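Single-structure report; data block below.
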Amino acid sequence: MSTSMKATTDNGPQPDPHPAREPAPEPGQASGTAQQPAPDPDPDPDPALLLPVIDDDGAPFWEYAARHELRVQSCAACGELRFPPRPCCPHCQSFDHNWRRMSGRGRVWSYVVPHPPLLPAYAAQAPYNAVLVELADAPHIRLAGNLVTAADAPLNSVDPARIRIGAAVKVAFREQAPGVTVPRWLLERP
């Protein structure tokens, strides 16, 4: 096995941190020579939208979202709410926690309309928005999402000219992929 080397100005050649790699197999083809059948097309209109990476600390957030409940991790010792979820309270260092149900109401704290969208599935829905929502129950906690006209509406369903910092919003939930439900946001006054 050979390692790519790159010349440096200090003590001689060092291993290249980006050695040449074999190209990735084409979709539907395994890394060997055997051809795999292409998967059936996904009936969901947004199959290529990004999905959350669910870790052990955040798994309960997503489990509650699947039940259409917005919950935030709370320290069982001092009561402080924290997001993103993590094992230890940053205020009192306790490892004990629970999940407090939120009202699902908040305000647009910030937003962006990406120009141009970076991924093809998002380009098809441009112009769309990404918002940060400050929760009414916990103003120091902000959740990212999209402002839409209905839980199952496309990302571009709200005209960007209608979005205002401070606008009152409420949560809605959409199953983005099998087993993955994401919070989205609706204007309180459409």
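Brief remarks follow.
- Thr181 meets the conditions (1) open to solvent by 20 Å² or more (accessible area, probe 1.4 Å); (2) among the polar types (S, T, N, Q); (3) part of a strand (DSSP E or B) in every case but one. The failed one is (1).
- When each of Tyr111, Tyr122 is tested for being among the aromatic types (Phe, Trp, Tyr) and either in a loop (DSSP other than H, G, I, E, B) or touching a residue at least 60 places away in the same chain (Cβ under 8 Å) (or both), the lone residue that passes is Tyr122.
- Counting the residues of region 76-105 that are closer than 24 Å to Asp55 by Cβ and in contact with a Leu (Cβ under 8 Å, 6 or more places away or on another chain) gives 5.
- Any hit, region 91-102, residues being within 14 Å of Ile141 (Cα to Cα) and open to solvent by 60 Å² or more (accessible area, probe 1.4 Å): yes
- Some residue of region 135-148 being outside any strand (DSSP E or B), small (Gly, Ala, Ser) and exposed (fewer than 14 other Cβ atoms within 10 Å of the Cβ): no
- Across region 92-122, the number of residues qualifying as of a type in the set (Gly, Ala, Ser) and more than 17 Å from the chain's Cα centre (by Cα) comes to 4.
- Taking region 70-82 as the range and being assigned to a loop (DSSP other than H, G, I, E, B) and buried (at least 16 other Cβ atoms within 10 Å of the Cβ) as the test, the residues that pass are Leu70, Glu80.
- Count - residues of region 149-176 that are open to solvent by 60 Å² or more (accessible area, probe 1.4 Å) and not in a loop (DSSP other than H, G, I, E, B): 4
The values are calculated or read from the model by the stated rules, or taken from the named source; none is laboratory data. Keep in mind the model is a prediction, meaning the values are calculated, not measured. Backbone-built Cβ (ideal geometry, glycine too); neighbour counts: all protein chains shown. Side chains included, ligands, DNA and RNA excluded: accessible areas come from the protein's heavy atoms. Shrake-Rupley method; radii C 1.70, N 1.55, O 1.52, S 1.80 Å.
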